[in-house]
Amino acid sequence: MAGTPTLAVVLDGLSTAGLDTGCRHGVPWYVSHLGSQLVAALANTSVSLAAGLAEAIERVAALHPGCDLKNPGTPSATVSVLRQRGGYLDHLVLADSPVVFEEHHDFTVITDLRVDEVLPDLRAEVEQYETHTVEHEKALRRFVTAQRQSRNTSTGYWVAAADPEAASHAIVGSTAAEAVRAAAVLSDGASRLVTEYAMATWAEVFAMLRADGPRELLREVRKVEATDPTGRRWPRYKSGDDASVAFCQW
Ligand SMILES: [Zn+2]
């Protein structure tokens, strides 16, 4: 997660499930460099979010030319951005970390669920096992191996990796700032409190963020997950996924 007073960026590195990436730097390295390049590129408000993302992806790729950037498992991340530009709020969402707007009477959730639509059979196989079991781990590896073949292809789903073309597949838009009371940019590890677990509404999440801040929301996510440590009630890839939240108010 990175930000400035007018920019919020949430990146969520994709799991490698212990498989080869062709990169000696690793996913955390990729995510932190992509974040700083993205903040730098988007400081110029005449650069669109998609153009800034393409530039950032290209710059990070240029930082490790010795790695095998054509490896289908090359480090990758979901990207969610909210930027204030004059009287507008620009958003960009690539994969499943949503941007949520609290409007005066409603909530608008912007997310890209193409990643959830690929390989339903292998996904179901992962979800039938409890986490922390050998079967779960093996099924997850099969799933991630297959996922890599559809990642950043026209029939699959798009995430930030080594190819700047991914930026042109992001969901982008602009909203008049006066229509919005507040906004949240969340990794899917945090948004699932609403979307997967159905243990809170967006109204409750925003009330919590406003009263107690992101830390309280993350504590709530962990508390809910602790009631289902092996993923029986809510099948998932890990007991608790990385969770980050940027809460923006004007
Ligand atoms: Zn590398």
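No value in this document is a laboratory result; all are computed from the given coordinates. From a predicted model like this one, the values you see are computed outputs, not experimental measurements. Positions of Cβ are backbone-derived with ideal geometry, glycine not excepted, and every protein chain shown enters the neighbour counts.
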Next on the checklist: Could you tell me the ratio Rg/Rh of the range 85-175? Both radii from Cα atoms, Rh via Kirkwood.
Outcome noted: 1.09
Next on the checklist: Can you return the lysines within cross-link range of Lys70? Criterion is Cα-Cα under 29 Å, with same-chain partners fewer than 8 residues away left out.
Outcome noted: Lys138, Lys238
Checklist entry - Taking Rh as the Kirkwood radius computed over C-alpha pairs, what is the Stokes-Einstein D of the range 1-107 at 20 °C in a medium of viscosity 1.002 mPa s, expressed in µm² per second? => result 146 µm²/s
Item to check | R0 of 25 Å, Cβ-Cβ distance Ala203-Trp29: FRET efficiency to nearest 0.05 | outcome: 0.10
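Could you calculate, for the range 1-47, the ratio of the Cα radius of gyration to the Kirkwood radius, expressed as Rg to Rh?
Details: Rg = 13.1 Å, Rh = 12.1 Å.
That ratio is 1.08, to two decimals.
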Item to check | Among Tyr237, Ala207, Gly35 - extreme Cα towards positive end, dipole of the chain, charges at beta-carbon | outcome: Gly35
Checklist entry - Dimensions of the chain along principal axes (Cα, Å, largest first)? => result 50, 45, 28
Checklist outcome for this item: To the nearest 0.05, the calculated FRET efficiency linking Ser239 and Leu63 through their beta-carbon distance, R0 being 30 Å, is 0.35
Checklist entry - Could the peptides 191-199, 211-219, 123-131 be put in order, highest first, of the mean number of other beta-carbon atoms found within 10 Å of their residues? => result 191-199, 123-131, 211-219
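Relative to the Cα centre, what is the charge dipole magnitude of the range 2-249, using +1 at the beta carbon of each Lys and Arg, -1 at the beta carbon of each Asp and Glu, and rounding to the nearest 20 debye? Could the numbers behind the result be given before it?
Values: 23 positive and 32 negative charges, 94 e Å.
Dipole size: approximately 460 debye.
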Next on the checklist: Cβ neighbours within 10 Å, averaged per peptide: list 164-173, 10-19 in order, most packed at the top.
Outcome noted: 10-19, 164-173
Checklist outcome for this item: Summing -39500 (n - 2.57) over every DSSP H run of at least 4 residues in the chain and dividing by its residue count gives a helix-only mean residue ellipticity at 222 nm, to the nearest 500 deg cm²/dmol, of -11500 deg cm²/dmol
Next on the checklist: Based on Cα coordinates alone, diagonalise the gyration tensor for the range 153-235, multiply each eigenvalue by 5, take square roots, and list the semi-axes in whole Å, largest first.
Outcome noted: 27, 22, 10
Next on the checklist: Using a 7 Å offset from the Cα along the Cα-to-Cβ direction at both Ala211 and Glu196, what is the distance between the two label points in nm, to one decimal?
Outcome noted: 2.6 nm
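Can you classify the range 149-196 as rounded, prolate or oblate using the Cα gyration tensor, where a ≥ b ≥ c are the square roots of its eigenvalues, rounded means a/c under 1.5, and otherwise it's prolate if a/b beats b/c and oblate if not? Kindly include the intermediate steps, with their values, before the conclusion.
Numbers: a/c = 3.01, a/b = 1.53, b/c = 1.96.
Cα axes put the range 149-196 in the oblate bin.
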